[in-house]
1. Pull out all pairs, ordered by first then second residue, where Cβ-Cβ is under 9 Å, the residues are six or more apart or on different chains, the first lies in segment A:238-266 and is of a type in the set (G, A, S), and the second is assigned to a loop (DSSP other than H, G, I, E, B) and at pLDDT below 95.
2. In segment A:156-165, is there at least one residue being modelled with pLDDT of 95 or more, touching a Lys or Arg at 6+ places or on another chain (Cβ under 9 Å) and assigned to a loop (DSSP other than H, G, I, E, B)?
3. A:R212 is checked against (1) assigned to a loop (DSSP other than H, G, I, E, B); (2) touching a residue at least 24 places away in the same chain (Cβ under 8 Å); (3) basic (K, R) and fails just one. What number does that condition carry?
4. Quick one: B:I291 ticks every box in (1) closer than 30 Å to B:S440 by Cα; (2) not in a helix (DSSP H, G or I) except a single one, so which number is it?
5. Could you pull out the residue among A:A89, A:A73 that is more than 23 Å from B:T373 (Cβ to Cβ) and part of a loop (DSSP other than H, G, I, E, B)?
6. So B:G406 fits all but one of (1) part of a helix (DSSP H, G or I); (2) among the small types (G, A, S); (3) surrounded by fewer than 18 Cβ atoms within 10 Å (Cβ to Cβ); (4) away from every other protein chain (no Cβ under 14 Å); what number is the exception?
7. Could we say that B:H363 is modelled with pLDDT under 95 and under 14 Å from B:F215 (Cβ atoms) here?
8. Does A:R119 fit the bill of being within 14 Å of another protein chain (Cβ to nearest Cβ), of a type outside the set (S, T, N, Q), surrounded by fewer than 23 Cβ atoms within 10 Å (Cβ to Cβ) and not in a loop (DSSP other than H, G, I, E, B)?
Amino acid sequence: MAVSLSTWVLISNFKLAYNLLRRPDGTFNRHLAEFLDRKVPANANPVDGVFSFDVLIDRGTSLLSRIYRPATAEEPQPNIAELEKPVTAEVVPVIIFFHGGSFAHSSANSAIYDTLCRRLVSLCKAVVVSVNYRRAPENRYPCAYDDGWTALKWVNSRPWLQSQKDSKVHIYLAGDSSGGNIAHHVALRAIESGIDVLGNILLNPMFGGQERTESEKRLDGKYCVTLRDWDWYWRAYLPEGEDRDHPACNPFGPNGRSLEGIKFPKSLVVVAGLDLIQDWQLAYVEGLKKAGQEVKLLYMEQATIGFFLLPNSNHFHTVTDEISKFVSSDCIKTIGERIMQCIGALLCVDYVCLFKCFLG
Amino acid sequence: MKRDHQEISGSGSNPAESSSIKGKLWEEDPDAGGMDDELLAVLGYKVRSSDMADVAQKLEMLEKVMGTAQEDGISQLGDTVHFNPSDLSGWVQNLLIEFNGSTTTPDPNFNDDSEYDLRAIPGVAAYPPVKSDPGLENTRKRAKTESSSSSSSTTTRPVVLIDSQETGVRLVHTLMACAEAVQQDNLKLADALVKHIGLLASSQTGAMRKVATYFAEALARRIYRIFPPDSLDPSYNEGMQWPALMQALALRPGGPPAFRLTGIGPPQPDDTDALQQVGWKLAELAERIGIEFEFRGFVANSLADLEPEMLDIRPPEIEVVAVNAVFELHPLLARPGGIEKVVSSIKAMKPKIVTVVEQEANHNGPVFLDRFTEALHYYSTLFDSLEGSGVAPPSQDLAMSELYLGRQICNVVACEGMDRVERHEPLTQWRTRMETAGFSPVHLGSNAYKQASMLLALFASGDGYRVEENNGCLMLGWHTRPLIATSAWRLAGTESGSELTQELS
């Protein structure tokens, strides 16, 4: 197995920093965490076609979200007074993104997530709303879900985010690690309240359970992460005294609820083959399937967690392609776009034929 | 429900290699080298591609070493002081030294005793006694004082919006339109618009109303050429920060040094001697806590009026000099040669350390409209932050703060030339200026960060103020919008005043 040097350096550095922050007594060195976290400001000046600004959605909980929007040809330099100008396209996907960090680390303005969200904008021609949810251990379950829910309601009620086609906001939920877990639970709340979520994108989602699975035993400590670390994060997030079969952690476990007959959004779940919690992620996918829900699994055999943070691997491109397809499949394509697609497909076929001839 | 799932496996490399887990975990691609450090730079880490493999090895080493340590031992590394996390190579190197135990003698100054220092501030009874750590050896660590290269040249516009109401947007539009009219010298239009702003503002509440009112007044002054009286410095430097330093000095192992404070302030309008008042109070405190203390006050309209000889600085062997400038440098940009003169005066004092606090804003650009726009956002954020929960009745302090800010707004918008003293510039520009003048950065570490955060929590809890580390400097901001930047400097080519840094933080 080999990952690129820079990915390895990045992930290792994170793991090292994280190890410094978790204390055996369950407390967290928040000051050092914030000091070490590399953050970037929002930027209303477009960079590579994307600009961003922060909105304080809920003053009481200090809930901030960072909004990322594509700069348009007509408006290459958005007016500061017009950051919330209505979207103009027929269909604009709005991706509500929940950053990772095992419920304890990182923020919406962490550099790694700011970069990722910017990529998502360009990739999906979407508006991305990155939620700065409250973190553990200072804020346990269900704070992160509550914040996600607040953000979802906020997004759903913004007139300027409504697609022209149907005057509705086309919402997707996405997240990595704990963010993936949050996306699932917020989607559940959405269903109960009748808000339409068009799809869930879960990157290495954080799930677990009391049982020790085969992947956990096999990969414990092998790629910078130990089972003990995961246990610590669950103890920090779950209500005190609860174990890992709590439905927040194990949605299809003994205390989970059935999703049969429920109109749950279609899901794209990305699992890294070197992630020690993969058995729980695969069990999640199975749970969705058993309940008759639409789900696509992307199993990246040789990938470690965090592989999508740097665009320098095949895994990265595979995943970004799938995400793009997942989100765009709901968009009405213009006839012109359809024609271009066909031509593109024909060209591919042509090249394949050529290569086959060449290789004999 | 339609069942539709496909499984895609991605595999990028040779499975036969995976047998050795502890073997080579990464693949070096000589072509990717240059790109790699760019990719990491975007994520906030400065690593030269030539150092990448070395950093990776050190990380692996640390991982091995930490793996064999007790669980307790690792998080206690969190109690040492960290500097400049963007310099990954340096950070990892320091951690290795910490973990292995260094060759030099242990120095308690490099333990993170920021909580201890905070308790030294009179009146802070809120901190519980810290549990004494079972002696993990504290090794001395040299503060990293490499000068950081100046940041990217593209400007950033950080914006934080409160969940805005429709009418607020119209107000902002009108303010901008008025400023544009002024920029284009269309005074008739500007006049009409500024009256309209007044009307719109009166239907607003809270921060938006205040900000709009101040900006409208400033615009009116500019349009009608009714310039405000001289910007009065309310001497915010009432000496509030010195007791903390004095307490820390008093508790210094080995006894306190003698402390001589020279305060420089503007003449007061009402003939009171504010400086002497400060001096007396501090002298009382010094007597109480047992510090040999001397205070001198100098009255000057501008720092540029002072000559270093007037300050009677003793030679460095006898006296260690620290210079502290809180919002004092930007006014010097109003007169030609002002900043250069003061910086060279500072250098002549041979200070061990210079601390600078400035507004993190770009209010000194050449184009009026740009300055106006920047200021509108900056002060909107500032007023929003002062708004608070709205439950507590507005205090005297709040009213004073707003007045103070209102005067700044007036100065930025209505004045020009030497009258326009509120020439705020962002940290990137101050950095360049200081480095060009022959100073090197002294990095503020995680202990200073922690103290700043804790103080914020004490005095402004829950209001959204944050401290952020930025290349060795600390920024105070409201949520994600930086408002004030603090930095520390030493003369290039000299040793860092690391002990002073500890105490001054």
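1. Pairs that qualify, where the first residue is of a type in the set (G, A, S) and the partner is assigned to a loop (DSSP other than H, G, I, E, B) and at pLDDT below 95, are A:G261/B:M1.
2. Within segment A:156-165, one or more residues are modelled with pLDDT of 95 or more, touching a Lys or Arg at 6+ places or on another chain (Cβ under 9 Å) and assigned to a loop (DSSP other than H, G, I, E, B).
3. (2)
4. Going through the list (1) closer than 30 Å to B:S440 by Cα; (2) not in a helix (DSSP H, G or I), B:I291 breaks only (1).
5. On inspection, the qualifying residue turns out to be A:A89.
6. Among (1) part of a helix (DSSP H, G or I); (2) among the small types (G, A, S); (3) surrounded by fewer than 18 Cβ atoms within 10 Å (Cβ to Cβ); (4) away from every other protein chain (no Cβ under 14 Å), the lone unmet condition for B:G406 is (3).
7. Details: modelled with pLDDT under 95: no; under 14 Å from B:F215 (Cβ atoms): yes.
It is false that B:H363 is modelled with pLDDT under 95 and under 14 Å from B:F215 (Cβ atoms).
8. Values: within 14 Å of another protein chain (Cβ to nearest Cβ): yes; of a type outside the set (S, T, N, Q): yes; surrounded by fewer than 23 Cβ atoms within 10 Å (Cβ to Cβ): yes; not in a loop (DSSP other than H, G, I, E, B): yes.
When the stated conditions are applied, A:R119 passes them.
The values are calculated or read from the model by the stated rules, or taken from the named source; none is laboratory data. Note that the structure is a prediction, hence the values are computed from the model and not measured. In this analysis, Cβ positions are derived from the backbone assuming ideal geometry, glycine residues included, and neighbour counts consider all displayed protein chains.
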